[in-house]
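Structure record follows, encoded as structure tokens.
The values are calculated or read from the model by the stated rules, or taken from the named source; none is laboratory data. The model shown is predicted, which means the values in this text are computed figures rather than measured ones. Ideal geometry is used to build each Cβ from the backbone, glycine not excepted, and the neighbour counts take in all protein chains shown. All accessible areas refer to the heavy atoms of the entire protein, side chains included, with ligands and DNA or RNA removed. Shrake-Rupley method; radii C 1.70, N 1.55, O 1.52, S 1.80 Å.
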Amino acid sequence: MKGVERVLVVGGGIGGLSSTIALHRAGVAAIEIVERNPRWDVYGVGIIQPGNAIRAMAQLGLAEQCIAQGYPMEGSRSHDIAGNVVADIDFERPAGVSFPSMNGLTRPRLHKILQDAALASGATVRTGVTFSAIEQRTDAVAVTFTDGTEAEFDLLVGADGINSSVREAVFDGAASPRFFGQIVWRYNLPRYRDLNRLWMFDGTRGRAGFVPLAPDLMYILLIEAADDPDTSALPEDRLAEIFREHLAEFGGAIAEVRDLITDSSKVVVRPVETVLVEPPWHRGRVVLIGDAAHATSPHIGQGAAQAIEDGIVLAEELAAGPLPTALERFVARRYERCKIVIEGSTQIGRWEMEGARDVDYAGTIKRLTDAVAAPL
Ligand SMILES: Cc1cc2nc3c(=O)[nH]c(=O)nc-3n(C[C@H](O)[C@H](O)[C@H](O)COP(=O)(O)OP(=O)(O)OC[C@H]3O[C@@H](n4cnc5c(N)ncnc54)[C@H](O)[C@@H]3O)c2cc1C
């Protein structure tokens, strides 16, 4: 690719790996990833892939693998607190897409699919390493790494997640993540009989749900209001018991499976945090993508989808060149879409925290799903 031959990707997560694969397909010769986590692994629950995420994976040549290793669905089913069915909502497929409108997949499986494709593209990966200094020069960005090595690149992609060190180091004054007021509990269980959609149940302080991940697997979730974002302060050995207690108000299918939550070491509980960096998302030869630039609440399952789309659009614009204006066009194509996702998702979250009943959850989710189904 003219003018962009050497790229450093900081962060080997969903956005970093997707952009590596997309940049390689667009003709970038040398891509290096530094990943801080020496094990380069992810925690073990699941992820929802809406239609636009599947479309984006198809553009990377990876949609079939996701569907084969996951659990395809056509929509969601809402329930009241007692477990009675309220409505089924079918999700539209993005135009021209022949895949299912949604897929559930374990995070480790998605991670492995992306890792294998990034490694097969010839990218070099150094784990347990990050940058210690970034210096912008006219014709390159010079990087010093924590292992003492140094190198120059044409472009640095900051894909290091919501607590981005690249954002911190290079984007003076940029927004920082804020606690949204909710925490999310998740736990893998055998797939509930008949579960072939995303099931949600309205509670008094939030909502519970089932997400199928494979023919034999699902995860149960609870998203609820909380005063304290520090979930690490919860007693680790009692997480299963506390999760069960917090599900106690739900009847129906939730009540049926609740007692299967027994292993505290497998409970994943995280605060919901959001951030939206005002444009531009680039400074010189450094650009932010994924959660580093725009982290949404999880209410419509769009965080990973937006990170993958970033990688695809970045590669397209760099291929159209030249570098400074390519980054401007990248941000121009991405900012409004990510903003719509964050504003819509957090609106749903606020309704959940208020226990609002006379609001149009289904219509809002459909409007947002339609918005992100539009061409990239
Ligand atoms: C509770 C919850 C549920 C969610 N559910 C969904 C869902 O169902 N569907 C969906 O699409 N999205 C979902 N998301 C959002 C999704 O997980 C994120 O949007 C997505 O992972 C963002 O990808 P990323 O690559 O930008 O960041 P990450 O996936 O966080 O990857 C960042 C990578 O950078 C590495 N790193 C961090 N700092 C450094 C550093 N200084 N140097 C080098 N490496 C570094 C990390 O180790 C990590 O590997 C959910 C999020 C939450 C919190």
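Does D154 meet the test of being open to solvent by less than 70 Å² (accessible area, probe 1.4 Å) and either over 16 Å from G11 (Cα atoms) or not basic (K, R) (or both)?
yes
Does at least one position in the range 293-315 carry a residue that is over 20 Å from G181 (Cβ atoms), surrounded by fewer than 23 Cβ atoms within 10 Å (Cβ to Cβ) and within 16 Å of the chain's Cα centre (by Cα)?
Within the range 293-315, one or more residues are over 20 Å from G181 (Cβ atoms), surrounded by fewer than 23 Cβ atoms within 10 Å (Cβ to Cβ) and within 16 Å of the chain's Cα centre (by Cα).
Table: residues versus (1) modelled with pLDDT under 95; (2) at positive phi; (3) out of contact with any strand residue (DSSP E or B) (no Cβ under 6 Å at 6 or more places or on another chain).
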site: P177; (1), (2), (3): no, no, no
site: M200; (1), (2), (3): yes, no, no
site: A240; (1), (2), (3): no, no, yes
site: V277; (1), (2), (3): no, no, yes
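So is W351 aromatic (F, W, Y), over 15 Å from the mean Cα position of the chain (by Cα) and open to solvent by less than 10 Å² (accessible area, probe 1.4 Å) or not?
So W351 fails the test.
Check D116 against each of (1) charged (D, E, K, R); (2) part of a helix (DSSP H, G or I); (3) under 30 Å from D360 (Cα atoms) and name the one condition it does not meet.
Of (1) charged (D, E, K, R); (2) part of a helix (DSSP H, G or I); (3) under 30 Å from D360 (Cα atoms), only one is false for D116: (3).
Any residue at all in the range 38-56 that's among the polar types (S, T, N, Q) and within 13 Å of the ligand (Cβ to nearest atom)?
Taking the range 38-56 first, the residues among the polar types (S, T, N, Q) are 49, 52.
From the residues that got through so far, the ones that are within 13 Å of the ligand (Cβ to nearest atom) too are 49, 52.
Scanning the range 38-56, I find at least one residue that is among the polar types (S, T, N, Q) and within 13 Å of the ligand (Cβ to nearest atom), so the answer is yes.
Do you know which of the residues in the range 151-187 that are assigned to a strand (DSSP E or B) and not hydrophobic (A, V, I, L, M, F, W, C) is nearest to the ligand (Cβ to nearest atom)?
Initial filter on the range 151-187 (assigned to a strand (DSSP E or B)): 151-153, 155-158, 178-187.
Among the residues that remain, those that are also not hydrophobic (A, V, I, L, M, F, W, C) are: 152, 158, 178, 181-182, 186-187.
On the way: E152: 18, G158: 9, R178: 13, G181: 14, Q182: 9, R186: 7, Y187: 12 Å.
If we take residues in the range 151-187 being assigned to a strand (DSSP E or B) and not hydrophobic (A, V, I, L, M, F, W, C), then R186 is nearest to the ligand (Cβ to nearest atom).
Going by the conditions given, is G206 in contact (Cβ under 8 Å) with a residue 60 or more places away in the chain and over 20 Å from the mean Cα position of the chain (by Cα)?
In short, yes.
Within the range 127-146, which residues are within 12 Å of the ligand (Cβ to nearest atom) and either open to solvent by 30 Å² or more (accessible area, probe 1.4 Å) or without any contact (Cβ under 8 Å) to a residue 12 or more places away in the chain (or both)?
T127, G128, T130, S132, I134, T146 - these are the residues of the range 127-146 that are within 12 Å of the ligand (Cβ to nearest atom) and either open to solvent by 30 Å² or more (accessible area, probe 1.4 Å) or without any contact (Cβ under 8 Å) to a residue 12 or more places away in the chain (or both).
Among the helices (runs of 4 or more DSSP H) confined wholly to the range 1-73, which include 3 or more residues that are surrounded by fewer than 22 Cβ atoms within 10 Å (Cβ to Cβ) and modelled with pLDDT of 95 or more?
Because the criterion is at least 3 residues that are surrounded by fewer than 22 Cβ atoms within 10 Å (Cβ to Cβ) and modelled with pLDDT of 95 or more, the helices (runs of 4 or more DSSP H) in the range 1-73 that meet it are 63-69.
Can you name the number of the only condition in (1) closer than 30 Å to R191 by Cα; (2) open to solvent by less than 40 Å² (accessible area, probe 1.4 Å); (3) of a type outside the set (V, I, T) that R357 fails?
So R357 meets the others, but not (2).
Restricting to the range 77-92, give me the number of residues that are surrounded by fewer than 19 Cβ atoms within 10 Å (Cβ to Cβ) and of a type in the set (K, R).
Of the residues in the range 77-92, 0 are surrounded by fewer than 19 Cβ atoms within 10 Å (Cβ to Cβ) and of a type in the set (K, R).
Which condition does G122 not pass, out of (1) open to solvent by 40 Å² or more (accessible area, probe 1.4 Å); (2) within 10 Å of the ligand (Cβ to nearest atom); (3) touching a helix residue (DSSP H, G or I) at 6+ places or on another chain (Cβ under 8 Å), if it passes all the others?
Condition not satisfied by G122: (2).
Could you run through the range 241-281 and say how many residues are farther than 20 Å from T204 by Cα, away from the ligand (no atom under 16 Å from the Cβ) and either of a type in the set (S, T, Y) or surrounded by 19 or more Cβ atoms within 10 Å (Cβ to Cβ) (or both)?
Selection size over the range 241-281: 4.
For the range 196-240, enumerate the residues that are away from the ligand (no atom under 16 Å from the Cβ) and not acidic (D, E).
Passing the criteria: N196, F201, G203, T204, R205, P215, A233, P235, R238, A240.
Tell me which residues, restricted to the range 318-339, are open to solvent by 20 Å² or more (accessible area, probe 1.4 Å) and either touching a Ser or Thr at 6+ places or on another chain (Cβ under 9 Å) or within 23 Å of S297 (Cα to Cα) (or both).
A332, R333, Y335, E336, R337, K339
Answer yes or no: is there a residue in the range 77-100 that is outside any loop (DSSP other than H, G, I, E, B), within 17 Å of I308 (Cα to Cα) and in contact (Cβ under 8 Å) with a residue 40 or more places away in the chain.
no
Looking at (1) out of contact with any helix residue (DSSP H, G or I) (no Cβ under 8 Å at 6 or more places or on another chain); (2) open to solvent by less than 20 Å² (accessible area, probe 1.4 Å), which one does G206 not meet, given that it meets all the others?
Condition (1) is where G206 drops out.
Could you please let me know if R270 is assigned to a helix (DSSP H, G or I) and in contact with a strand residue (DSSP E or B) (Cβ under 9 Å, 6 or more places away or on another chain)?
For R270, the condition - assigned to a helix (DSSP H, G or I) and in contact with a strand residue (DSSP E or B) (Cβ under 9 Å, 6 or more places away or on another chain) - is not met.
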